[in-house]
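Step one of this worksheet: look at the structure below.
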Amino acid sequence: MARKPAPAPQGALDFGDESTAGESARAPGDAVYSGGPVATEAPALSALSRPLDELFDAVPADWRPLTDAFRATPQGRALIDRVDAARAAGAAIYPAEVFNALHLTRRAEVKVLILGQDPYHGPGQAHGLAFSVRPGVAIPPSLRNIRKEIQRELGLTAPVHGCLQAWAQRGVLLLNTVLTVEAGQAASHAGWGWELLTDALAQAVVADPGARVVMLWGAHAQRKAPLLEAARCASGQALDDLLVLQSNHPSPLSATRGPVPFLGNGHFGRAVAFWRERGEELDWALV
């Protein structure tokens, strides 16, 4: 049964940091995924081509109170103006589908929140879901390790593509903390203001009624743990129904390092067990 969202609420462990510098590899003739059948298109079409206000206007109704509130702030307006100005000046901004995670995952049906950092910065890669790439795009190293861990832990064979849209449609919110990036420049939009919005989104997810799993991989994501735990406490929701899992980032730079390597962290199985204890299944299969 769908859970009704609650009103938005008004020193994390450092288990290793992440880097997107090596995550931009792309094979020639990559396919671009638009939510339906896979079509081969020019990678430039994956860049932002419309004013941000138009994308805010199209956010689904369940997430709109949060995105509208952000857009009305001085920080929100400054961000929108800055991104639009960069695009007007000729910068390629990724992804085209800035709010894809909010379009694919209903707020009342979120089971798992996975926090990423910022979108992939290579042509044709990012499509608005943390860690995911379109079918036909070369699978980045971090995503290869995520697929490896699922196969190791759950015995699930990953498909040839790296698109995680199936997870998003089953209640896994794949949310980057920064929602845009300039082509070829990792973390180029960090500090522009997206963090204010994504903090509010993540806080609302853990404060909404019902159980929730949060996966925080790497130091950047883990810094959000106190914020999210405080939001859960302030909401009055049961603390036992919030499972926060932390480990190193899946980047090859940290996936096998201590103290908690990503490979072997058991997060996917623990999430399955958490939901099974509550009478629901969580399916990590990709097709």
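What is the ratio of the Cα radius of gyration of segment 130-287 to 2.2 N^0.38 Å, with N the residue count, to two decimals?
Computed over Cα atoms of segment 130-287, the ratio equals 1.05.
Which residues in segment 102-142 place their backbone N less than 16 Å from a point set 7 Å from the Cα of R223 along the Cα-to-Cβ direction?
Output list for this probe position: 115-119.
Taking the Cα centre of segment 179-245 as the origin, how large is its charge dipole in debye, to the nearest 20, when only Lys and Arg (+1) and Asp and Glu (-1) carry charge on their Cβ atoms?
Using only the charged Cβ atoms, the result is roughly 80 debye.
Computed from the mean reciprocal separation of all distinct C-alpha pairs, what Kirkwood hydrodynamic radius does segment 84-126 have, in Å?
Kirkwood hydrodynamic radius for segment 84-126: 12.5 Å.
Could you order the peptides 226-237, 176-187, 118-129 from most to least packed, using the average number of other C-beta atoms within 10 Å per residue?
Highest-to-lowest ranking by the protection proxy: 118-129, 176-187, 226-237.
Would you please give the residues with an amide H less than 5 Å from that of V181, counting only those at least 5 places away or on a separate chain, with H modeled from the backbone geometry?
Amide H neighbours of V181: Y94.
Based on the mean of other Cβ atoms within 10 Å per residue, sort peptides 65-73, 143-151 so the most packed one is first.
Averaged packing, sorted descending, gives the order 143-151, 65-73.
Each residue of segment 248-259 in turn: what ³J(HN,Hα) in whole Hz from Karplus with 6.51, -1.76, 1.60 and θ = phi - 60°, glycine and Pro shown as x?
Computed from phi, the couplings for segment 248-259 are 4, 6, x, 3, x, 5, 9, 4, 10, 7, x, x Hz.
By average Cβ neighbour count within 10 Å, what is the ranking of 202-211, 158-167, 81-90 from highest down?
Ranking, from highest mean packing down: 202-211, 158-167, 81-90.
Over the C-alpha atoms of segment 198-287, what are the Rg and the largest Cα-to-Cα span, Dmax, in Å?
Taking only Cα atoms of segment 198-287, I get Rg and Dmax of 13.9, 39 Å.
Going by amide H atoms built from the backbone, whose H comes under 5 Å of the H on N176, apart from near neighbours?
G116, A130
Distance in nm between label sites at L156 and A91, each 7 Å beyond Cα in the beta-carbon direction?
About 3.5 nm separates the two model spin labels.
Quick one: pull the percent of accessible area on segment 176-287 belonging to carbon and sulfur, 1.4 Å probe, ligands and nucleic acids left out.
The C+S portion of the solvent-accessible surface of segment 176-287 is 54 percent.
Estimate the FRET efficiency between V260 and Q169 by the formula 1/(1 + (r/R0)^6), using the beta-carbon distance for r and 30 Å for R0, to the nearest 0.05.
The value I calculate is 0.55.
Once you order the gyration tensor axes a ≥ b ≥ c over the Cα atoms, which shape class does segment 50-169 get: rounded for a/c under 1.5, otherwise prolate or oblate by comparing a/b with b/c?
oblate
Between A108 and R276, what length comes free when the chain is fully extended (0.36 nm per residue of separation minus the Cα-Cα distance, one decimal in nm)?
Using 0.36 nm per residue and subtracting the Cα-Cα distance, I get 58.6 nm.
Would you kindly state how much longer the chain becomes between R50 and D241 on full extension, computed as 0.36 nm times their sequence separation minus their alpha carbon distance, in nm to one decimal?
Additional length available on full extension: 64.8 nm.
Taking square-rooted eigenvalues a ≥ b ≥ c of the alpha carbon gyration tensor, is segment 95-219 rounded, prolate or oblate, where a/c under 1.5 means rounded and, failing that, a/b exceeding b/c means prolate?
Oblate.
The values are calculated or read from the model by the stated rules, or taken from the named source; none is laboratory data. Note that the coordinates shown come from a computational prediction; the quantities given were computed from them, not determined experimentally. Cβ coordinates were reconstructed from backbone atoms using ideal geometry, including for glycine residues, and neighbour counts include every protein chain displayed. In case anyone asks, the SASA skips ligands and DNA or RNA and just uses the protein heavy atoms, side chains included. Shrake-Rupley method; radii C 1.70, N 1.55, O 1.52, S 1.80 Å.
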